[in-house]
Amino acid sequence: MLEQIKQIESEALAAIAAAADKESLTGVKIAYLGKKGGLTALSRRMGQVDAAERPAVGTAVNAAKVALEQAINQRMAAFHAAETEAALASETIDISLPGRPWPAGSRHILTQVLEQIEDVFIGMGYTVEEGPQVEYDYYNFEALNLPADHPARDMQDSFYFSDKMLLRTHTSPVQVRTMERMAGRLPVKIIAPGVVYRRDDDATHSPMFHQVEGLVIDKNVTFADLSGTLLAFARRMFGEERQIRLRPSYFPFTEPSAEVDISCFACGGRGCRLCKGSGWIEILGSGQVHPRVLQLSGYDPEQCSGFAFGMGVERIAMLKYGINDMRLLFDNDLRFLHSF
Ligand code: DAH
């Protein structure tokens, strides 16, 4: 029996070595190790072997199996490697083929400018508040010292849902909502970015646009604080050489009120087309919070004071990036949007 095993093994090893390809190697495997293969048939005849010899025969059969399997696997691996090598050798890579473009998106210029503005104020310790775009007349006008018959309402005609509800015309109602929420606590120091709406539509006005509101209330907040804050903002946003100028103005919710101009960053103040020869560019409205506005929302004007400001984001983006038509910001022309 042991003789037979030896003989089958060496026969099989020779066949494995002689196999010319994967298919014939598989044939050899089946012939010796398959269900009806030579070695398998031998191990079936174990019952006829003397009990004393059986362990030795068993070991020999198993050793032969392992040896054959090893030899077959080795040969198979060699065939595979040769195949891969042949495939690689015949394959040519066209390195002149252009790569596939991978279009990279970018954030809308308005989003970028909004975030720049937010960053400047967050850096000065402000927190960011939001309010609803569909707003009550009370928050949009009434609580800001703009009663129903106030002529200043004309400048902010809007889209009404009913007598009492409208699309907010500015972010100033967030001042009122914040004061109500803070319930008299100090300090209040917030900015409120967001979308606002007005019945306006031309190259420098869109019926939907963005503002950033600011509100600071504390003990002894003065006009000097307002001025210093806005100077710091103007310099961060438009360059460290900027100056600001406050011009007396009127808003029902501030007293005194001021329009804030920055020295023109295009000509440095000498006068050019951008600043229409004046050397100054208007960027926002501001003022000391009107005592009545404080009072209406539960703050005592004898105990505290504050300043507020509001700016148009589109306007700032247009100034900063030299965009001459606001509608470009909303046309969604990728050639335009990708240029920032
Ligand atoms: N809400 C004003 C507007 O939309 C802008 C404004 C002016 C906001 C003065 C303020 C402010 O907070 O103090 O035209």
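For residue 261, only one of the following conditions fails: (1) part of a loop (DSSP other than H, G, I, E, B); (2) farther than 22 Å from residue 127 by Cβ; (3) open to solvent by less than 30 Å² (accessible area, probe 1.4 Å). What is its number?
Every condition holds for residue 261 apart from (1).
Conditions tested, residue by residue: (1) within 16 Å of the ligand (Cβ to nearest atom); (2) over 23 Å from residue 288 (Cβ atoms); (3) open to solvent by less than 50 Å² (accessible area, probe 1.4 Å); (4) not assigned by TED's automatic domain parsing to the domain that holds residue 319.
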residue	(1), (2), (3), (4)
101	no, yes, no, yes
113	no, yes, yes, no
121	yes, no, yes, no
130	yes, yes, no, no
133	yes, yes, no, no
141	yes, no, yes, no
153	yes, no, yes, no
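In the stretch 184-212, how many residues are among the aliphatic types (A, V, I, L, M), under 24 Å from residue 148 (Cα atoms) and either away from the ligand (no atom under 12 Å from the Cβ) or surrounded by fewer than 22 Cβ atoms within 10 Å (Cβ to Cβ) (or both)?
Residues that pass the stated criteria total 2.
Return a yes/no flag: does the stretch 155-166 have any residue that is within 10 Å of the ligand (Cβ to nearest atom) and either assigned to a loop (DSSP other than H, G, I, E, B) or within 21 Å of residue 250 (Cα to Cα) (or both).
Checking the stretch 155-166: at least one residue is within 10 Å of the ligand (Cβ to nearest atom) and either assigned to a loop (DSSP other than H, G, I, E, B) or within 21 Å of residue 250 (Cα to Cα) (or both).
Would you mention how many residues in the stretch 289-340 are surrounded by fewer than 20 Cβ atoms within 10 Å (Cβ to Cβ) and within 10 Å of the ligand (Cβ to nearest atom)?
0
Suppose we keep only residues that are in contact with a Phe, Trp or Tyr (Cβ under 6 Å, 6 or more places away or on another chain) and farther than 14 Å from residue 299 by Cα within the stretch 213-227. Which one would you say is farthest from the ligand (Cβ to nearest atom)?
226
What number of residues in the stretch 18-57 are free of Cβ contacts under 8 Å to residues at least 24 places away in the same chain and closer than 30 Å to residue 81 by Cβ?
Number satisfying all stated conditions: 12.
The conditions are (1) charged (D, E, K, R); (2) crowded, with 16+ Cβ neighbours inside 10 Å; (3) over 18 Å from residue 74 (Cβ atoms), and residue 29 fails exactly one of them. Which is it?
(3)
For residue 89, state whether it is of a type in the set (A, V, I, L, M, F, W, C), open to solvent by 50 Å² or more (accessible area, probe 1.4 Å) and within 19 Å of the chain's Cα centre (by Cα).
no
Residue by residue through the stretch 170-183, note down the ones that are open to solvent by less than 60 Å² (accessible area, probe 1.4 Å) and touching an Asp or Glu at 6+ places or on another chain (Cβ under 8 Å). Please lay out each step first, then the result.
Filtering the stretch 170-183 down to residues open to solvent by less than 60 Å² (accessible area, probe 1.4 Å) leaves 170-176, 178-179, 182.
Scanning the stretch 170-183 gives 170, 171, 172, 173, 174, 175, 178.
Of the residues that sit in the stretch 225-242 and are loosely packed, with under 15 Cβ neighbours inside 10 Å and assigned to a loop (DSSP other than H, G, I, E, B), which one is nearest to the chain's Cα centre (by Cα)? Quick ask: steps written out before the conclusion?
Restricting attention to the stretch 225-242, the residues satisfying the condition of being loosely packed, with under 15 Cβ neighbours inside 10 Å are 228, 239-241.
If we keep only those that are assigned to a loop (DSSP other than H, G, I, E, B) too, we end up with 239-241.
Details: 239: 26, 240: 29, 241: 32 Å.
Across the stretch 225-242, the extreme among qualifying residues is 239.
Taking the conditions exactly as written (within 14 Å of the ligand (Cβ to nearest atom), crowded, with 21+ Cβ neighbours inside 10 Å and not β-branched (Val, Ile, Thr)), does residue 249 satisfy them or not?
No, not satisfied.
State the number of residues belonging to the stretch 263-284 that are away from the ligand (no atom under 16 Å from the Cβ) and either under 22 Å from residue 313 (Cβ atoms) or not assigned by TED's automatic domain parsing to the domain that holds residue 155 (or both).
9
Output yes when any residue across the stretch 212-219 is charged (D, E, K, R), in the same structural domain as residue 119 (by TED's automatic domain parsing) and closer than 28 Å to residue 112 by Cβ, and no when none is.
Applying the first criterion (charged (D, E, K, R)) to the stretch 212-219 yields 213, 218-219.
Filter once more, keeping what is in the same structural domain as residue 119 (by TED's automatic domain parsing): 213, 218-219.
Filter again for closer than 28 Å to residue 112 by Cβ, leaving 213.
Yes, some residue in the stretch 212-219 is charged (D, E, K, R), in the same structural domain as residue 119 (by TED's automatic domain parsing) and closer than 28 Å to residue 112 by Cβ.
Would you please list the contacts, defined by Cβ atoms under 6 Å and residues six or more apart or on different chains, that run from a residue in the stretch 170-189 that is farther than 16 Å from residue 312 by Cα to a residue that is in a helix (DSSP H, G or I)?
What qualifies is 176/139; 176/143; 188/182.
The values are calculated or read from the model by the stated rules, or taken from the named source; none is laboratory data. Small disclaimer: the values here were computed from a predicted structure and weren't measured. Note that we place each Cβ from the backbone using ideal geometry, even for glycine, and neighbour counts take in every protein chain shown. Remember, those area values only see protein heavy atoms, side chains included, never the ligands or the DNA or RNA. Shrake-Rupley method; radii C 1.70, N 1.55, O 1.52, S 1.80 Å.
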